[in-house]
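Let me begin by presenting the structure, written as structure tokens, before commenting on it.
The values are calculated or read from the model by the stated rules, or taken from the named source; none is laboratory data. What you see is a predicted model; the values in this text were computed from it and never measured. Glycine also receives a Cβ, built like all others from the backbone with ideal geometry; neighbour counts cover every protein chain displayed. For the accessible areas, the whole protein counts, side chains as well, though only heavy atoms, and no ligand, DNA or RNA atoms are used. Shrake-Rupley method; radii C 1.70, N 1.55, O 1.52, S 1.80 Å.
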Amino acid sequence: MAGDIIEFCKERSLKQINLLGHSLGGKTVMAAALSPDLPLDMLSKLIVVDISPARGPMSDEFRTYLRAMKEIEHKRVKSRKEADDVLQAYEPDMSIRQFLLTNLDRVSHGTGHHHKFRVPLDILDKGIEGIGDFPYEPDHRKWEGKTLFVKGSKSKYINRKNMPIAKEYFPNMELITLEAGHW
């Protein structure tokens, strides 16, 4: 996906852009910034929200959300309320459930309709082990531009263990914390 960002910008002759990414989107924009294919004049600033470049397995909560979303599709729910009812068994926090349901679309067919997620759950499920990877080593790649990391105070995705790694990749980084969770 980092390559897709770079290619998109090249095709449109974009220069001095700012990239912002949250969670896995944050890993994607970091990988774009570190890519040897990134033209020197393309990226001005980088904003990474609530993720670090550290490698690690996906959290159990992400796997749980994926299971819940697959159950919603399997049940071919007819409303967001039905989808939320399924999600409640997996996630008690209504704001997180609402966030997950923003990816739910109504699909019409000859005999009626049901809801399906826009994101390809089968592809996520097959690739879940690799989602926590990061394509570069800090001693091989660096981006010297201005970089802002934004941490949610109620989130564990940026912590004291992985901030030194982020500083190795992005030596001109700044960290701020907002009163928020990850989602």
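Looking only at segment 11-47, which residues are in a helix (DSSP H, G or I) and of a type in the set (Gly, Ala, Ser)? Write out each step before concluding.
From segment 11-47, those in a helix (DSSP H, G or I) are 11, 24-34; that's our starting set.
If the condition is that a residue be in a helix (DSSP H, G or I) and of a type in the set (Gly, Ala, Ser), then Gly25, Gly26, Ala31, Ala32, Ala33 are the ones that fit.
Please tell me if Asp50 is of a type in the set (Asp, Glu), open to solvent by 30 Å² or more (accessible area, probe 1.4 Å) and farther than 18 Å from Leu121 by Cα.
Values: of a type in the set (Asp, Glu): yes; open to solvent by 30 Å² or more (accessible area, probe 1.4 Å): no; farther than 18 Å from Leu121 by Cα: yes.
Answer is no for this residue.
Could you grab me the full set of residues in segment 137-166 that are crowded, with 17+ Cβ neighbours inside 10 Å and either touching a helix residue (DSSP H, G or I) at 6+ places or on another chain (Cβ under 7 Å) or part of a helix (DSSP H, G or I) (or both)?
Pro138, Arg141, Trp143, Phe149, Ala166
Scan Arg97, Arg55 and give me the residue that is charged (D, E, K, R), touching an Asp or Glu at 6+ places or on another chain (Cβ under 7 Å) and either exposed (fewer than 12 other Cβ atoms within 10 Å of the Cβ) or in contact (Cβ under 8 Å) with a residue 40 or more places away in the chain (or both). Lay out the reasoning, then the answer.
Numbers: Arg97 fails: either exposed (fewer than 12 other Cβ atoms within 10 Å of the Cβ) or in contact (Cβ under 8 Å) with a residue 40 or more places away in the chain (or both).
On inspection, the qualifying residue turns out to be Arg55.
Do we find that Ile51 is at pLDDT 95 or above and either within 19 Å of Asn159 (Cβ to Cβ) or assigned to a helix (DSSP H, G or I) (or both) in this structure?
Working: at pLDDT 95 or above: no; either within 19 Å of Asn159 (Cβ to Cβ) or assigned to a helix (DSSP H, G or I) (or both): yes.
No, not satisfied.
Test Ser44 against the stated conditions and say whether it is open to solvent by 20 Å² or more (accessible area, probe 1.4 Å), without any contact (Cβ under 8 Å) to a residue 24 or more places away in the chain and of a type in the set (Gly, Ala, Ser).
On the way: open to solvent by 20 Å² or more (accessible area, probe 1.4 Å): yes; without any contact (Cβ under 8 Å) to a residue 24 or more places away in the chain: no; of a type in the set (Gly, Ala, Ser): yes.
Against the criterion (open to solvent by 20 Å² or more (accessible area, probe 1.4 Å), without any contact (Cβ under 8 Å) to a residue 24 or more places away in the chain and of a type in the set (Gly, Ala, Ser)), Ser44 does not qualify.
Quick check: is even one residue across segment 117-134 closer than 26 Å to Arg67 by Cα, surrounded by fewer than 18 Cβ atoms within 10 Å (Cβ to Cβ), in contact with an Asp or Glu (Cβ under 6 Å, 6 or more places away or on another chain) and not acidic (Asp, Glu)?
yes
What's the number of the condition Ile17 fails, among (1) surrounded by fewer than 16 Cβ atoms within 10 Å (Cβ to Cβ); (2) among the β-branched types (Val, Ile, Thr); (3) modelled with pLDDT under 95?
Result: Ile17 passes all but (3).
Can you find a residue that is within 14 Å of the chain's Cα centre (by Cα) and farther than 19 Å from Leu20 by Cα anywhere in segment 90-103? Walk me through it before giving the result.
Taking segment 90-103 as the starting set, the residues that turn out to be within 14 Å of the chain's Cα centre (by Cα) are 99-100, 103.
If we keep only those that are farther than 19 Å from Leu20 by Cα too, we end up with 100, 103.
Yes.
Keeping to segment 58-85, report how many residues are open to solvent by less than 40 Å² (accessible area, probe 1.4 Å) and within 16 Å of Ile128 (Cβ to Cβ).
8
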